[in-house]
Amino acid sequence: MVAVTSNAAGVPRHGMAAYAASKAAATIYMRSLGLELAPHGIRCNIVAPGSTRTGMQTGMWRDPSGEAAVIAGFPEQFKPGIPLGKIAEPRDIAHAILFLLSDQAGRVTMADLYVDGGATQQV
C-alpha cells in the first residue's frame, strides 16, 4: 500500500496548518498500519511530494512568474525553495509510487519517501 501525502506533513509551513496536519495524520496512519500489517506480509509506505505541476499548484500562481517564485522559495513565510530548480511532474510522483509497489521494494515498509527536489532538506 502507498499513501500520497505531502512534504508539508513533516515541515511546518506558513498558512498551511490544516493542510499539513491532515497530511501528517495520513502519514502516521500509514506507519501505524504498517506495524499492524507487517506480520501479514503487507507493506505500507508513503510518498510525500513537494511542489508538483497539478491544477492545485498552478491554481495558486497569480501570473506566469508563479513557477519561478515557488522554485526560489518564500523565506519570509519559511517556505524553502527547490534545490533541483524545477517543479515535479506528476509522472515523477507516479514513478516513486510504482517503485514502492514493486518487488524491487520488497523489504521497504513504513518508509516516507520525499519527492520534492530537495526542498525539505533546506529546513
Where Arg62 falls short, out of the listed (1) among the basic types (Lys, Arg); (2) exposed (fewer than 13 other Cβ atoms within 10 Å of the Cβ); (3) at pLDDT 85 or above: (3)
Test for Ala20: is it surrounded by 12 or more Cβ atoms within 10 Å (Cβ to Cβ) and within 12 Å of the chain's Cα centre (by Cα): yes
In the stretch 100-121, the residues that are within 15 Å of the chain's Cα centre (by Cα) and either in a strand (DSSP E or B) or surrounded by 13 or more Cβ atoms within 10 Å (Cβ to Cβ) (or both): Leu100, Met110, Ala111, Asp112, Leu113, Tyr114, Val115, Asp116, Gly117, Gly118, Ala119, Thr120
Failed item in (1) surrounded by 13 or more Cβ atoms within 10 Å (Cβ to Cβ); (2) under 26 Å from Ala17 (Cβ atoms); (3) under 13 Å from the mean Cα position of the chain (by Cα), with Val70 passing the rest: (3)
Within the stretch 85-113, considering residues that are more than 13 Å from Ala3 (Cβ to Cβ) and acidic (Asp, Glu), the one modelled with the lowest pLDDT: Glu89
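Which members of the stretch 19-46 meet the condition of being aliphatic (A, V, I, L, M), at pLDDT 95 or above and assigned to a helix (DSSP H, G or I)?
Ala21, Ala24, Ala25, Ala26, Ile28, Met30, Leu33, Leu35, Leu37, Ala38
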Identity of the residue in the stretch 77-99, in contact (Cβ under 8 Å) with a residue 60 or more places away in the chain and part of a helix (DSSP H, G or I), that ends up surrounded by the fewest Cβ atoms within 10 Å (Cβ to Cβ): Gln77
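The values are calculated or read from the model by the stated rules, or taken from the named source; none is laboratory data. Predicted model, so just to flag it, every value in this text is computed and none were measured. Note that each Cβ is placed from the backbone with ideal geometry, even for glycine, and that neighbours are counted across all protein chains shown.
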